[in-house]
1. So is Leu411 closer than 30 Å to Arg669 by Cβ, modelled with pLDDT of 85 or more and in a loop (DSSP other than H, G, I, E, B) or not?
2. Can you name the residue in region 388-405 that is in contact with a helix residue (DSSP H, G or I) (Cβ under 8 Å, 6 or more places away or on another chain) and over 15 Å from Leu572 (Cβ atoms) and is also modelled with the lowest pLDDT among such residues?
3. Hey, does region 516-529 have a residue that's assigned to a helix (DSSP H, G or I), crowded, with 20+ Cβ neighbours inside 10 Å, at pLDDT 90 or above and among the aliphatic types (A, V, I, L, M)?
4. Out of all the residues in region 192-210, which are in a loop (DSSP other than H, G, I, E, B) and surrounded by 19 or more Cβ atoms within 10 Å (Cβ to Cβ)?
5. Residues of region 211-248 being touching a Phe, Trp or Tyr at 6+ places or on another chain (Cβ under 8 Å) and outside any helix (DSSP H, G or I), which ones?
6. Of everything in region 5-51, what is surrounded by 15 or more Cβ atoms within 10 Å (Cβ to Cβ), in a loop (DSSP other than H, G, I, E, B) and among the small types (Gly, Ala, Ser)? Give them in sequence order.
7. Within region 484-502, is there a residue that is modelled with pLDDT under 90, in contact with a Ser or Thr (Cβ under 6 Å, 6 or more places away or on another chain) and within 23 Å of Val567 (Cβ to Cβ)?
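The values are calculated or read from the model by the stated rules, or taken from the named source; none is laboratory data. The structure presented is a predicted model; accordingly, all values stated were derived computationally and were not measured. Cβ atoms come from the backbone with ideal geometry, glycine included; neighbour counts cover every protein chain shown.
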Amino acid sequence: MPVAQTIDTRELVLSFFPPEKRTSTDVQSLASLLEGFFGAEDLSDRIDAFIQLRAWTTRREPSPSEDGRSRLETFLSLMESRSELRWRFQQGVRQILSEIHAVDWFAEAGLHPREGLWSEVVRRVTERILPSAREDSTLSKLVLRLYPTPEAIERLVQLPDETFERTARVLSPVDDVGAWSKQREDLTQAFQLLAVHVAGLGLSPGLRGRSHRYPIEDSPFYQLQQATVELVRQNGATSALAAWRGLMQRVRGELQYAHAGMEVAGVSTALVFDMSTIEHALSRMESIAVVLFVMEPHEYIQAVKQLLNDVMNSYRDDLSLRALFRENTALLARKVVEHTGKAGEHYIANSPSEYRAILRASLGGGFVTVLTAALKMRIVGAHLPPFVEAMAAGTNFAVSFLILQHFHLALATKQPSVTAAAFAGIVRTTYGQERLEKLAEFISRITRSQLGSAVGNLIAVSLGCLVFARIWAGVFARPYLELTSAEHVYHTLDPLKSGTMLFAALTGVILWVSALAGGWAENFAAFNRIPAAIAEHPLGRRVGHKRMRRSAEIFDANVSGWVTSIVLGYLLGFVPALGEFFGIPLDVRHVTLSTGTLALAAASLGRDWLYRGWFVQTLYGIAVIFVLNLGVSFSIAAAVGMKAYGVSRREQFELLRYTLKSFLKSPRRFLLPPRAQP
């Protein structure tokens, strides 16, 4: 650059500041940065200088011009007041814009094809250690250097509209159409690529099988791509824009229909990923359409901010390991809760008659658990090898739970974890105050139903075990449990002097895992159409097609409950053995089973147990076990449901606060049977 021009640049910059500020380091630094930007000879040097200028405007120190003004405002005022500086700066920016490519950035950021988890981990780790040699002409590389953190992106999109517009005017004259022509063309190309991406995913076999049975040419996914091309061809004509927006609504309607189809046809992680990608792509297309074809200033600025926020954060997430694991856990959560299980709903009391039905089922469940608890104590007392003991205990529990399933009996704390789909349904379809009210009401129904179920279980199992022990003593002339075994039961149920609280919480996790296994099995059966395969099996020619169809109906109605019962039984049996294998003191505490063993121990000790203070301690232990079994299993199920639909932590705390407030305001609806409706 000629020396005269360098002197002009420095003089123009210094003349903007008060005389006492012109010798400051900040002002001299700004002048040097502008000189470097104007004198850059190639794209790489020009981008480096531009990034240094941007860094100057974001420093935390006070502005060198006057107190109270940000550095960005100072820079904008300098450019607005010195037309020669502004012209040179805009020419430099125009040079950058003319050589930068942005199609891939707008069309692919956050919308990459689904890869295997570990292959994607390897790619992102490699990218961090040895970044790929991207060209300087890619917009993604420039933006990542300009806004390297989420906080920097947040500061950009939170700029007041007036400041944002001033920044755009300083970067390039608004009335200079040619300055942004390449970016506009790239954005148009990305707009059409997104439409092709949506059409490809929407017409994939998995999603097409859950959508309406349209001919391909009548599918809204296909027609959206055609309408996008027409919208670009007509340069945003009002009629074309209206038709395009109508097709966007039809595509969203198909996505909702596909969500409903998952209730019947099952769901896979890949399908959930594809539907999430379509929703993301549609949102980006709407922002691009406003940027390209809507000229109202306020709406335009908001759309530009929304588009930049989306693309910049999505691109950062494409490089982040944390974002990768967050995305995959969210996909897994969606898979868990999208498919509503058939089990669990009838364990929530909405009326006095339903509450009485739960109470009757719980009384029956308590009586069945008498034999389960008695056999458990015999198995433990036999001192079998750890694996054999775990296998025998697990089989005992599993058979008991299957009997409960077959006769439609209830076991307290088993049901909350299988109601995750109903909970997630409320999260998915409601917002704001309506969501808070419906979720608080749902939690109150779960709580009072489970309290009623626990009361029925505990009354039945306590009385049943006492009667069983009395009959045993009368027949065999000795107590069912030896004195040492009975005392051991009391010590293990002490909530303060044993690991009861930890073991009860662990049992809550086991309850949730078993429900998760049941939901997975039901989803697997639905997705792979196993009931239909059973009904149409060639074996029907021998045993009768009617019998095979009946078998398919029984399988479809019970597969979730069967798998839940078997997994729960063997987990309860094997966890103590697993702890012994690793040398960790692990055990399980289920409220109904623990109450049964307590009643057997009490019958063996007689009245002596009342005089040692054990009675109160063990009652506390039973109460703690019930709260932790119920609280942990339901909390995990609820957390998964909220994770699946992106409920923020702030909203989760708001729900907790609202629920506690509702409980304090009306404890009755959380604890007592529902009142009859007039």
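1. yes
2. Gln405
3. Checked against the condition, which is being assigned to a helix (DSSP H, G or I), crowded, with 20+ Cβ neighbours inside 10 Å, at pLDDT 90 or above and among the aliphatic types (A, V, I, L, M), region 516-529 yields no hits at all.
4. Listed by number, the list holds a single entry, Arg210.
5. Scanning region 211-248 gives Ser211, His212, Asn235, Gly236.
6. Gly39, Ala40
7. No.
The rows are residues; the columns are (1) more than 28 Å from the chain's Cα centre (by Cα); (2) farther than 27 Å from Leu207 by Cβ; (3) of a type outside the set (A, V, I, L, M).
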| site | (1), (2), (3) |
| --- | --- |
| Ser514 | no, yes, yes |
| Trp520 | no, no, yes |
| Asn523 | no, no, yes |
| Asn528 | no, no, yes |
| Arg542 | yes, yes, yes |
| His545 | yes, yes, yes |
| Val563 | no, yes, no |
| Tyr570 | yes, yes, yes |
| Gly583 | yes, yes, yes |
